[in-house]
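**Q** The structure follows.
The values are calculated or read from the model by the stated rules, or taken from the named source; none is laboratory data. Small disclaimer: the values here were computed from a predicted structure and weren't measured. Glycine gets a Cβ as well: all are built from the backbone with ideal geometry, and neighbour counts include every protein chain shown. Remember, those area values only see protein heavy atoms, side chains included, never the ligands or the DNA or RNA. Shrake-Rupley method; radii C 1.70, N 1.55, O 1.52, S 1.80 Å.
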Amino acid sequence: MIYAANLKCNHTRKSFKEYGTKLSSALNGESVLVFPPFCALSEDKFKFTQGVQNFYPCDNGSFTGEIGADMIDEFGITTVLIGHSERRALGESDVLLKAKFDFAKSKNWDIIYCIGEDDITHMNGSTKEFLSEQLENIDLEYENLIIAYEPIWAIGTGKSASVEVISGVLEFMSSKCNAPLLYGGSVNEKNISDISQIPNCDGVLVGTASWDVENFIKLIKA
Ligand code: PGA
């Protein structure tokens, strides 16, 4: 199981140092990825992999407010999130997402590519068509690809998708590619054991339940 923590816009340099130290001392070989905010990235040696929530597809240059590969490389980071629905909602288009994917691939970075439908698409039963379109944007054969299925209606709502829904979607996705598959959307210490038993589920992408380190440790140990 892969346990990925999306800290979103939470944690400072000081609080993430404590977070990382506590999490590291609780880990015992589990596969854990943590995505802190840029300014909280740490140069400490942890027992988990740090990744970035965002980047601009450049090494450096005149891109005000953006972070490029030179800055990410300095931390030795090779793991990136692309396509999170909260970034899509801020205006990241398929064109930009493809540019980010292609750039990350050219760097040989590990990519967690997020896809997921909104509640209307879910209700009208066209989830698979919608996800297929989102996946057309990227190279599904890329060897360092992980795909996270994150239904927008389940993110941050406290209401995870049901085991049946997740199973159906992950089965569908596994018919399209060989990449490891994660589920994300209100994963917590109570539902993790059911979710982790879903066939084709290789891990979880956790938001809210990862922000408090004790909570995230409980989830991993559960
Ligand atoms: P959540 O967020 O766990 O708070 O639903 C998941 C995510 O946005 O990756």
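**Q** What are the residues in the stretch 199-222 that are over 16 Å from SER160 (Cα atoms) and not in a helix (DSSP H, G or I), if any? Can you show your working first?
**A** Kept after step one, since they are over 16 Å from SER160 (Cα atoms), are these residues of the stretch 199-222: 199-200, 202, 211-218, 220-222.
PRO199, ASN200, ASP202, TRP211, ASP212, ALA222, listed by residue number.
**Q** Hey, another quick one. Do we find that ILE77 is in a loop (DSSP other than H, G, I, E, B), open to solvent by less than 70 Å² (accessible area, probe 1.4 Å), under 27 Å from ALA40 (Cβ atoms) and among the hydrophobic types (A, V, I, L, M, F, W, C) in this structure? Don't jump to the end; show me each part of the working.
**A** Working: in a loop (DSSP other than H, G, I, E, B): yes; open to solvent by less than 70 Å² (accessible area, probe 1.4 Å): yes; under 27 Å from ALA40 (Cβ atoms): yes; among the hydrophobic types (A, V, I, L, M, F, W, C): yes.
Yes.
**Q** A follow-up question, please. Regarding the stretch 148-159, can at least one residue be identified that is part of a loop (DSSP other than H, G, I, E, B) and in contact with a strand residue (DSSP E or B) (Cβ under 8 Å, 6 or more places away or on another chain)?
**A** yes
**Q** To continue, here is another question. Return a yes/no flag: does the stretch 156-164 have any residue that is within 10 Å of the ligand (Cβ to nearest atom), under 18 Å from LEU219 (Cα atoms) and touching a residue at least 60 places away in the same chain (Cβ under 8 Å). Steps first, please.
**A** Kept after step one, since they are within 10 Å of the ligand (Cβ to nearest atom), are these residues of the stretch 156-164: 156-160.
When the remaining residues are screened for being under 18 Å from LEU219 (Cα atoms), the result is 156-160.
Checking which are touching a residue at least 60 places away in the same chain (Cβ under 8 Å) leaves us with none.
No.
**Q** Could you give every pair whose Cβ atoms fall below 7 Å, whose first residue belongs to the stretch 173-192 and is modelled with pLDDT of 95 or more, and whose second residue is surrounded by fewer than 17 Cβ atoms within 10 Å (Cβ to Cβ) and among the charged types (D, E, K, R), counting only separations of at least 6 or pairs across chains?
**A** Note: pairs meeting the criteria are SER186/LYS159; GLU189/LYS218.
**Q** Of all residues in the stretch 175-222, which are more than 10 Å from the ligand (Cβ to nearest atom) and within 13 Å of the chain's Cα centre (by Cα)?
**A** Passing the criteria: PRO180, LEU181, ASP202, GLY203.
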